[in-house]
Amino acid sequence: MGKVILEVRLEELEGQQQAVILFHPDLRKQTGKTAEVKLVLSCRVEEASPINKNIEKRIETFTIQDPVHTFRCDLSNRFFTYEGSSIQLVGWISVEVGSARFVQKFEKPLRIVEPEAASQEEELERISPPDEVSYVKNFFLLPTGSQFIYAGLFLATLFALWLAEKFLVTSVLRMNDDQMEMALMVIVLAGFFFVYLWARSRSLFKPELGLRFKIPGRLSDQPGHESKIDRESRFQVSDWLKGAAEADLHGARLRVVAGNIEKGRHVGEREVDASKGVAHFFKTSNWKKNVVKESSVKVRPLVLYDKTVERLPRGSKLAAYFNDPLDLRPVFTRLYPPDLVATGGDGERLPLEEWTHGLGYYLEFQFLHPTLVDVTFEVSSSYFDPLEFYRNPGIEPPVEEGNWSDHAEEEEIRPPDPPGPAE
């Protein structure tokens, strides 16, 4: 036999899905050599300079003796193939014999109910709704202390611009070379000062609408705690709100959106983080130019709740206007489950807070107003039970034989009906 063949097929044994691996070595060249079988999950980042990441699970090490070597590997439900806008999750079986490696692509399908079809513009509007702001109206809703600080920063910026103009007009044209270098340094420092003033002003511009978001008291973000959000959890929207309107609010809209998060890393240019007024510096192989940049892309948004109230009188309790059921079951039935490419990512414990590569999920409350600054609140994934994604029969892979890449067309599964009003 002169050709090496690696075959993989999917089977189920006593309710546990397994990969059946058949390795046909070249006995003339490989007899007596040590070989290693691995299951690999890779996160490939769709960027010009990607930083990809792999995790490996060693299945078995063996000595080549027979024409066919057969192995079985239990497959976690977390191992599935995903192709998104910014990452690809790709799995494969590899057999390494010395410096040679033989690979069979891993494709384990999931039955996922797709969110309702939406255009790219509609998806973007759901994830990052445009915020049309009247700065005059917002200024008078700022706390008194913030009003004074904001006005002071504004006047300081105008004064700094006046000084810069006077300096350029009266001094720059008369400078020698040494003085010009000093002037350039002053201009650079002044530029950072302007960035700081802008970022500081932006951070203070948070009008007091009166709305506060909260986590319901019975939930816990501690690992392993039993009080987590699962498919059976029942909430009212008002469970997540508190506070009274600080002014008459017209056309206020509350929306709850869930979706997946594609996360990865890539090498990019150094840039200034304007929201914090600082530059991020990361040392890489070309540290003078490049930095390691985190990419976190929200995709496949799903609207769970959407309600507009024409008028919220000043002093009214906001929770009373949004006292409706909030069904979170679609988070588990219509989104992709978390699949994190990290150390220990293939175990039962799923670390969702400190991860750089893979697929996660999010839940966000959006309080939108036609003229005031919108308020958003993202619920930490640590309040969810991630194992609930894999206990859902709707996403169990179909039982089939043959190569994974030849799986049949999947049957559509309808999402559960929303709950009725609380009794």
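Here are the numbers for the structure shown:
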item	result
Share of carbon and sulfur in the accessible heavy-atom surface of segment 1-113 [1.4 Å probe, %]	40
Rounded FRET efficiency, nearest 0.05, which uses the C-beta distance separating F192 from K3 and R0 of 56 Å	0.30
Relative contact order (%) - segment 1-112, alpha-carbon pairs under 8 angstrom, separation at least six	29
Linear extension gain, E36 paired with Q236, 0.36 nm per residue minus alpha-carbon span	66.7 nm
Given K57/K293; K108/K263; K33/K108, the pairs whose alpha carbons are separated by over 25 Å	K57/K293; K33/K108
Residue-span extension gain [E96 to S128] - 0.36 nm each, minus C-alpha spacing	6.9 nm
Surface accessible to a 1.4 Å probe, V97 within the full protein complex, Å²	10
Estimated inter-spin distance, D324 and T371, nm [label 7 Å along Cα→Cβ]	2.5
Distance in nm between pseudo-label sites at Q88 and S296 (7 Å out along the Cβ direction from Cα)	2.6
Extension gain, V68 back to S316 (0.36 nm per residue minus Cα-Cα distance, nm)	81.8 nm
Rough spin-label spacing in nm, given labels placed 7 Å along Cα→Cβ, for D26 and E378	5.0
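The values are calculated or read from the model by the stated rules, or taken from the named source; none is laboratory data. Since this is a predicted model, take the numbers as computed values, not measurements. Positions of Cβ are generated from backbone atoms using ideal geometry, with glycine treated the same way; all protein chains shown enter the neighbour counts. Each accessible area value is taken on the protein alone, full model and side chains, heavy atoms only, with ligands, DNA and RNA left out. Shrake-Rupley method; radii C 1.70, N 1.55, O 1.52, S 1.80 Å.
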